[in-house]
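*Asks:* Got a structure here, written out as structure tokens. Questions coming.
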Amino acid sequence: MRIDIITCLPRLLDSPFSDSILMRAQNKGLVEVHVHDLRQFSEDKHKKIDDYAFGGGAGMVMMIEPIANCIRSLQAERSYDDVIYMSPDGQQFTQHLANELSLKKNLIILCGHYKGVDERVREHFITREISIGDYVLSGGELAAAVVADAVIRLLPGVLGDETSALTDSFQDGLVAPPVYTRPAEFEGMKAPDILLSGHEKKVEEWRFQQSVERTKKRRPNLLDE
Ligand code: SAH
């Protein structure tokens with residue numbers, strides 16, 4: 001898989017991809033993440049990428065030209081399954097959508113800033129808009145990193161334990177059961193005996209039961225779905 005992220009603040013995307021699971025996924029050749037600095041696609045001599053909003057009002061708007069140049073230069077190299085714009089009014093990002101995107105080959109993710117992008121970008125270049133929640137961030141970079149992280153960890157071979165992603169919350173419509181590790185007892189607080197019993201089948205049953213109970217208590221909406 002290849003993910004191209006377009007941003008006017010490329011440094012914001014340095015660290016999310018240079019550590020731990022996401023870095024190893026790239027080193028193993030399971031994913032390529034390319035971050036593109038929008039300013040380099042501006043034809044303006046001051047490398048301008050935003051301007052005042054037509055009709056007035058507070059806040060700058062990201063111009064269509066540098067974005068069009070950047071998207072077109074990428075599309076000239078390969079075809080993309082989706083050109084995604086991160087936007088608070090987009091489709092709500094969920095594990096289901098992460099699963100769907102993890103099956104794609106090439107994705108572009110455009111990060112907005114200021115008041116967002118000129119509407120004509122959304123009408124003519126964007127194939128999908130994603131929101132990571134009903135709140136407004138100052139830019140799309142952290143949102144793009146959230147989407148890329150959730151998608152990349154699903155790619156085969158990325159997580160060390162192959163089954164690990166399958167037992168995470170939401171994969172089977174349930175939240176994850178509680179987990180424990182050493183010591184078995186800390187200041188009188190004990191880990192459940194069943195987990196130390198060695199009965200694989202009973203442990204599995206207990207985990208499933210815990211998942212169902214937790215889902216009922218914390219996220220009953222998942223059971224309705
Ligand atoms: N004026 C816009 C918000 C712009 S915020 C509005 O009211 O809808 C600046 C940029 O941050 C957006 O263009 C988008 O790329 C990103 N962003 C902000 N909140 C986001 C969210 N919840 N999900 C995804 N991207 C978001």
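The values are calculated or read from the model by the stated rules, or taken from the named source; none is laboratory data. Here the structure is a predicted model, which means the values were calculated and not measured. Neighbour counts are summed over all protein chains in view; Cβ atoms, including those assigned to glycine, are modelled from backbone coordinates with ideal geometry.
*Asks:* Within segment 14-42, restricting attention to residues that are basic (Lys, Arg) and touching a residue at least 60 places away in the same chain (Cβ under 8 Å), which residue is farthest from Ala150 (Cα to Cα)?
*Replies:* Lys28
*Asks:* Please enumerate the residues belonging to segment 128-156 that are surrounded by 12 or more Cβ atoms within 10 Å (Cβ to Cβ) and either of a type in the set (Asp, Glu) or more than 15 Å from the ligand (Cβ to nearest atom) (or both).
*Replies:* Of everything in segment 128-156, those that are surrounded by 12 or more Cβ atoms within 10 Å (Cβ to Cβ) and either of a type in the set (Asp, Glu) or more than 15 Å from the ligand (Cβ to nearest atom) (or both) turn out to be Glu129, Glu141, Asp149, Ile152, Arg153, Leu154, Leu155.
*Asks:* Would you confirm, using the coordinates I've provided, whether Ala148 is in the same structural domain as Ser15 (by TED's automatic domain parsing) and in contact with a helix residue (DSSP H, G or I) (Cβ under 8 Å, 6 or more places away or on another chain)?
*Replies:* Yes: the conditions hold for Ala148.
*Asks:* Does any residue in segment 84-106 that is part of a helix (DSSP H, G or I) come within less than 8 Å, Cβ to Cβ, of a residue that is near the ligand (Cβ under 10 Å from one of its atoms) and β-branched (Val, Ile, Thr) six or more places away or on a different chain, and which pairs are these?
*Replies:* Filtered contacts from segment 84-106: Leu97/Ile130; Ala98/Val147; Leu101/Val147.
*Asks:* Right, something else. So Arg182 ticks every box in (1) surrounded by fewer than 16 Cβ atoms within 10 Å (Cβ to Cβ); (2) more than 8 Å from the ligand (Cβ to nearest atom); (3) under 30 Å from Asp50 (Cβ atoms) but one. Which box is left unticked?
*Replies:* In the conditions (1) surrounded by fewer than 16 Cβ atoms within 10 Å (Cβ to Cβ); (2) more than 8 Å from the ligand (Cβ to nearest atom); (3) under 30 Å from Asp50 (Cβ atoms), Arg182 misses (3) alone.
*Asks:* Pairs only if they're at least six apart or on different chains, beta carbon under 6 angstrom, first in segment 154-174 and in contact (Cβ under 8 Å) with a residue 12 or more places away in the chain, second exposed (fewer than 15 other Cβ atoms within 10 Å of the Cβ) and not in a helix (DSSP H, G or I); list them, first residue then second.
*Replies:* Once the first residue is in contact (Cβ under 8 Å) with a residue 12 or more places away in the chain and sits in segment 154-174, its partners that are exposed (fewer than 15 other Cβ atoms within 10 Å of the Cβ) and not in a helix (DSSP H, G or I) give Leu155/Leu30; Gly157/Leu30; Val158/Leu30.
*Asks:* If you don't mind, another one. Testing Val121 on (1) at pLDDT 95 or above; (2) crowded, with 16+ Cβ neighbours inside 10 Å; (3) part of a loop (DSSP other than H, G, I, E, B), one condition comes back false. Which one is that?
*Replies:* Result: Val121 fails condition (3) only.
*Asks:* Inside segment 107-127, can you point out the residues that are among the aromatic types (Phe, Trp, Tyr) and within 10 Å of the ligand (Cβ to nearest atom)?
*Replies:* Scanning segment 107-127 gives a single hit, Tyr114.
*Asks:* Quick one: Cys70 ticks every box in (1) more than 16 Å from the ligand (Cβ to nearest atom); (2) part of a helix (DSSP H, G or I); (3) touching a residue at least 12 places away in the same chain (Cβ under 8 Å) except a single one, so which number is it?
*Replies:* Unmet for Cys70, out of (1) more than 16 Å from the ligand (Cβ to nearest atom); (2) part of a helix (DSSP H, G or I); (3) touching a residue at least 12 places away in the same chain (Cβ under 8 Å): (1).
*Asks:* Of all residues in segment 36-66, which are more than 29 Å from the chain's Cα centre (by Cα) and among the basic types (Lys, Arg)?
*Replies:* Once the filter is applied, which keeps residues that are more than 29 Å from the chain's Cα centre (by Cα) and among the basic types (Lys, Arg), segment 36-66 yields only Lys45.
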